1. Only one of (1) within 21 Å of the chain's Cα centre (by Cα); (2) modelled with pLDDT under 95 fails for Gly165. Which number is that?
2. Between a first residue in segment 65-82 that is within 13 Å of Gly209 (Cα to Cα) and a second residue that is at pLDDT below 90 and of a type outside the set (A, V, I, L, M, F, W, C), which pairs have beta carbons less than 6 Å apart while being 6 or more apart in sequence or on different chains?
3. How many of the residues in segment 188-226 are within 14 Å of Met240 (Cα to Cα) and among the polar types (S, T, N, Q)?
4. Select from segment 11-27 the residues that are in a helix (DSSP H, G or I) and touching a residue at least 40 places away in the same chain (Cβ under 8 Å) and write down the one among them that is nearest to the chain's Cα centre (by Cα).
5. Quickly run through segment 194-217 and pick out the residues that are in a loop (DSSP other than H, G, I, E, B), open to solvent by 30 Å² or more (accessible area, probe 1.4 Å) and farther than 15 Å from Phe69 by Cβ.
6. For the structure I just gave you, tell me whether Ser150 is over 15 Å from the mean Cα position of the chain (by Cα), in a strand (DSSP E or B) and under 20 Å from Val217 (Cα atoms).
7. If you scan segment 138-152, which residues turn out to be surrounded by fewer than 12 Cβ atoms within 10 Å (Cβ to Cβ) and out of contact with any Lys or Arg (no Cβ under 9 Å at 6 or more places or on another chain)?
8. Among the residues of segment 248-283, count how many are in a helix (DSSP H, G or I), open to solvent by 40 Å² or more (accessible area, probe 1.4 Å) and over 20 Å from Gly30 (Cα atoms).
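The values are calculated or read from the model by the stated rules, or taken from the named source; none is laboratory data. Since the model is a prediction, treat every value here as computed from it, not as a measurement. FYI the Cβ positions are ideal-geometry reconstructions off the backbone, even for glycines, and counts take in every protein chain you see. Ligands, DNA and RNA are stripped out before the accessible areas are found, and what is left, the full protein with its side chains, is counted by its heavy atoms. Shrake-Rupley method; radii C 1.70, N 1.55, O 1.52, S 1.80 Å.
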Amino acid sequence: MRMRPTLSWRPSEDLPPATTDLAPVAEALGAGGVLVLSGAGISTESGIPDYRGEGGSLSRHTPMTYQDFTAGAQARRRYWARSHLGWRSFGQARPNAGHRAVAAFGRHGLLSGVITQNVDGLHQAAGSEDVVELHGTLARVVCLSCGTFSPRHELALRLEEANPGFDPVAAGINPDGDADLTDDQVGGFRVVPCTVCGGTLKPDVVFFGESVPPQRVEQCRELVRGATSLLVLGSSLTVMSGFRFVRQAAQAGKPVLIVNRDQTRGDQHAVTRVSLPLGTALSTLAHQLGIPVDRVGGGEPRPA
């Protein structure tokens, strides 16, 4: 299933309004075996915008597609200039209360796993273990020619050396780590090649128009099969890459619970829909369940 930059869906009009009652979510967590599926909404309180919520980046920004990235050098120059600048801010983001609460639930044995559609690494920075990064991670790059992986911070140093003085002011940072720059600001930005074979480097993320690796999809499907319920946190579920797991859980008779500020594509499958800020909701749930939420992984930014 290839991801598309935009995908429309019609909100269901015959569903009851969302609630602020967290009791069903607390009950599910208390029973254990909950699989978390998180989206960009859980990271907004860390300063990373989402795509489709109020003020979401899709209103002003079209994400890079795999087809555009591989089609020409100019598109790659524009991408890497914007991504390099965005990484300076994006790589410094810290886990927020929502990430830390999810990590606490995991440490106390309430979760069967975490699938995230985010590429920011904040779940792991908060202390969550064995997180499946459905769309990959910005912290790693891959060569499209030889397949060699390398750390993003190493590429950042190489790009700094190749582009001394590159320091434009971006209009904003997007959920994919891409900064909003004009073509004039991109200018003659220099892209560096793979150090092993001289090939083209790409962030190890699933671009729009690119398919999630089949083995990763099956790993997620197996997690859904082994879960007692599915808890969706901060995702509109607009793209099929995440929505399919909601449909799988519902078809298997597993409760789907959604906490998201806005309506989602999966609302018709949910047994409860809670409209609250994620940090507030998850911190409240931890308090109700008597689970302490510490700042493990949340006190220092990740290295950029």
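1. Gly165 satisfies all of (1) within 21 Å of the chain's Cα centre (by Cα); (2) modelled with pLDDT under 95 except (1).
2. Thr65/Gly209; Tyr66/Gly209; Gln67/Gly209
3. Number satisfying all stated conditions: 1.
4. So, considering only residues that are in a helix (DSSP H, G or I) and touching a residue at least 40 places away in the same chain (Cβ under 8 Å), the one nearest to the chain's Cα centre (by Cα) is Val25.
5. As a first pass, look at segment 194-217 and keep what is in a loop (DSSP other than H, G, I, E, B): 194-200, 206-207, 209-210, 212-213.
Then keep just the ones that are open to solvent by 30 Å² or more (accessible area, probe 1.4 Å); that gives 195-198, 200, 210, 213.
Listed by number, the residues that qualify are Thr195, Val196, Cys197, Gly198, Pro213.
6. no
7. Applying the first criterion (surrounded by fewer than 12 Cβ atoms within 10 Å (Cβ to Cβ)) to segment 138-152 yields 146-147, 149.
Result: Cys146, Gly147.
8. 3
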